[in-house]
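Trainee: Sharing a structure with you now.
The values are calculated or read from the model by the stated rules, or taken from the named source; none is laboratory data. Note that the structure is predicted; figures quoted are calculated from it, not measured. Glycine also receives a Cβ, built like all others from the backbone with ideal geometry; neighbour counts cover every protein chain displayed. We work out accessible area using only protein heavy atoms, side chains counted, and drop any ligands, DNA or RNA first. Shrake-Rupley method; radii C 1.70, N 1.55, O 1.52, S 1.80 Å.
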Amino acid sequence: MTFCPPPSTSEQPAEPKREEQARDVCLRLLTVRARTRAELEAGLTKRGYPDDVSARVLDRLVEVGLLDDAAFAEEWVRARRANAGKGKRALAAELRTKGVDPELIAETLDSVDAGDWRVRAEELVAGKLRREKLDDEVKVTRRLVGMLARRGYHQGMAFDVVSTQLAQERERRSV
């Protein structure tokens, strides 16, 4: 009986092994949270994977549906609007830093109704306004408009929302 040793791992081509390792890295990153193609590509580059290996792995993840920048952008906008109260400008900046295509960003943000942006701004202002003293309305207005501006809401809309909410709060307190 002749002994045949198992094939040596050094004889196997290195390229499929690198692709498998790159895929594992991507899957680990996607386990933590959804990511964009650009984020995964940056992660692979940081770990020293060649561009061709990264491209093949990422193309395969897109093909099987594990990587979808459009779905990522929609979910990011939904979650950040609901949880952090972010406005259009802030969300656009966040998506740009995540590497989402500018056309996709515009499309995603335009899919949200303009009235929904205003409703969320009103909710934020109403929540803050209940805890404010209304002795100096100029100071309160400046503070609330600033809060909305930092969250990415357009200044004109922010001022309008604050003025309306301030009038409603004044009316509520006078009753």
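Trainee: For a quick check of your reading of the model, give me the residue pairs whose first member lies in the range 155-175 and is without any contact (Cβ under 8 Å) to a residue 24 or more places away in the chain and assigned to a helix (DSSP H, G or I), whose second is surrounded by 18 or more Cβ atoms within 10 Å (Cβ to Cβ) and not basic (Lys, Arg), with beta-carbon atoms closer than 6 Å and at least 6 apart or on different chains.
Mentor: Hits for this filter: PHE159/VAL145.
Trainee: Of the residues that sit in the range 90-134 and are assigned to a helix (DSSP H, G or I) and acidic (Asp, Glu), which one is farthest from GLY156 (Cα to Cα)?
Mentor: GLU103
Trainee: For the list (1) modelled with pLDDT of 95 or more; (2) crowded, with 17+ Cβ neighbours inside 10 Å, I need the number of the one condition that ARG18 fails.
Mentor: The single condition ARG18 does not satisfy is (1).
Trainee: Also: Against the definition (without any contact (Cβ under 8 Å) to a residue 24 or more places away in the chain and either more than 22 Å from the chain's Cα centre (by Cα) or under 29 Å from LEU27 (Cα atoms) (or both)), how does ARG56 come out, yes or no?
Mentor: Answer is no for this residue.
Trainee: To continue, here is another question. Any residue in the range 61-89 that is in a helix (DSSP H, G or I) sitting within a Cβ distance under 8 Å of a residue that is among the aromatic types (Phe, Trp, Tyr) and open to solvent by 30 Å² or more (accessible area, probe 1.4 Å)? List the pairs, counting only those 6 or more apart or interchain.
Mentor: Pairs found: none.
Trainee: Counting only residues that are within 16 Å of ALA71 (Cβ to Cβ) and open to solvent by less than 30 Å² (accessible area, probe 1.4 Å), how many does the range 105-133 have?
Mentor: Of the residues in the range 105-133, 4 are within 16 Å of ALA71 (Cβ to Cβ) and open to solvent by less than 30 Å² (accessible area, probe 1.4 Å).
Trainee: Taking only the range 71-102 into account, find how many residues are open to solvent by less than 80 Å² (accessible area, probe 1.4 Å) and either touching a Lys or Arg at 6+ places or on another chain (Cβ under 9 Å) or closer than 18 Å to CYS26 by Cβ (or both).
Mentor: The qualifying residues number 18.
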